[in-house]
Amino acid sequence: MTDARAWVVVATECPDQWHANEADLLHSRAAPHLHQMRVGIRRLRSSASLFRPLLRDVPGAVATAHRLRALALPFGAARDLDVLLGGPLAEALPRRARDELWSAREAAHDEVARVLTSDGWREVGAAVDDVVGRVAALPDTGRDDVTDLARAALDKRWRRVVGERYRLRSMTPLERHAVRTQAKTRR
């Protein structure tokens, strides 16, 4: 498979994943739907990073990835509150603190709903489709398969992860989380 075809396959699947959960999330505000939307968005953004050598010359590709990230930022706050309220820590909190967290969760989900019903969200979805179409129409670059691009991208990310292994014990939780994020991106 060519690098362009490989990215088109990935980039087509990711919006399908978030669109499949979008209506359910707007209707129910259920944590699994938000989580699956975020997974699809994160996968698309990761693929844009992994395939940067291919996408950097595709008009609109980089800008679309940045717009998608900016629009999806509120999803993280809602997800964090879903996880907190669904875990054992929430049960240990005083009733008033739990009620405040639930109010914060509702406000965060209101923001998610605002994003999902906005013109900006529809526009970024159309922009993703446009970029996928542009990449699908690229002429063959002479590469028979995506192996070289994948190997280089994965090796780069692996070096980032293993390069930090000796410092893990001395890192702050935020620094360790950054290493974890790098490992997840590689996965």
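One table, with the values for the structure above:
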{"read-out": "Flag for Gly86 being open to solvent by 30 Å² or more (accessible area, probe 1.4 Å), farther than 29 Å from Leu149 by Cα and touching a helix residue (DSSP H, G or I) at 6+ places or on another chain (Cβ under 8 Å)", "value": "yes"}
{"read-out": "Positions within the stretch 39-53 being touching a residue at least 40 places away in the same chain (Cβ under 8 Å) and either open to solvent by less than 40 Å² (accessible area, probe 1.4 Å) or of a type in the set (A, V, I, L, M) (or both), in sequence order", "value": "Leu44, Ser46, Ser47, Ser49, Leu50, Phe51"}
{"read-out": "Residue that is most open to solvent (accessible area, probe 1.4 Å) [pool: residues in the stretch 1-38 that are of a type outside the set (Val, Ile, Thr) and not in a helix (DSSP H, G or I)]", "value": "Met1"}
{"read-out": "Count - residues of the stretch 66-81 that are under 18 Å from Glu106 (Cα atoms) and open to solvent by less than 20 Å² (accessible area, probe 1.4 Å)", "value": "4"}
{"read-out": "Test: Ala92 is of a type in the set (Gly, Ala, Ser) and at pLDDT 95 or above", "value": "no"}
{"read-out": "Subset of the stretch 90-102 (residues that are exposed (fewer than 11 other Cβ atoms within 10 Å of the Cβ) and not charged (D, E, K, R))", "value": "Ala92, Pro94"}
{"read-out": "Residue match in the stretch 114-128 (condition: of a type in the set (S, T, N, Q), open to solvent by less than 40 Å² (accessible area, probe 1.4 Å), at pLDDT below 75 and under 28 Å from Glu22 (Cβ atoms))", "value": "no"}
{"read-out": "Members of the stretch 169-184 that are within 27 Å of Gly40 (Cβ to Cβ) and open to solvent by 100 Å² or more (accessible area, probe 1.4 Å)", "value": "Leu174, Arg180"}
{"read-out": "Which numbered condition Arg45 misses (of (1) farther than 12 Å from Val128 by Cα; (2) under 12 Å from the mean Cα position of the chain (by Cα); (3) basic (Lys, Arg))", "value": "(1)"}
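The values are calculated or read from the model by the stated rules, or taken from the named source; none is laboratory data. Nothing here was measured: the structure is a model prediction, and the numbers come from that model. So basically every Cβ, Gly included, is an ideal-geometry build from the backbone, and we count neighbours across all protein chains shown. To get the accessible areas, we keep the full protein, side chains included, count just its heavy atoms, and leave off ligands, DNA and RNA. Shrake-Rupley method; radii C 1.70, N 1.55, O 1.52, S 1.80 Å.
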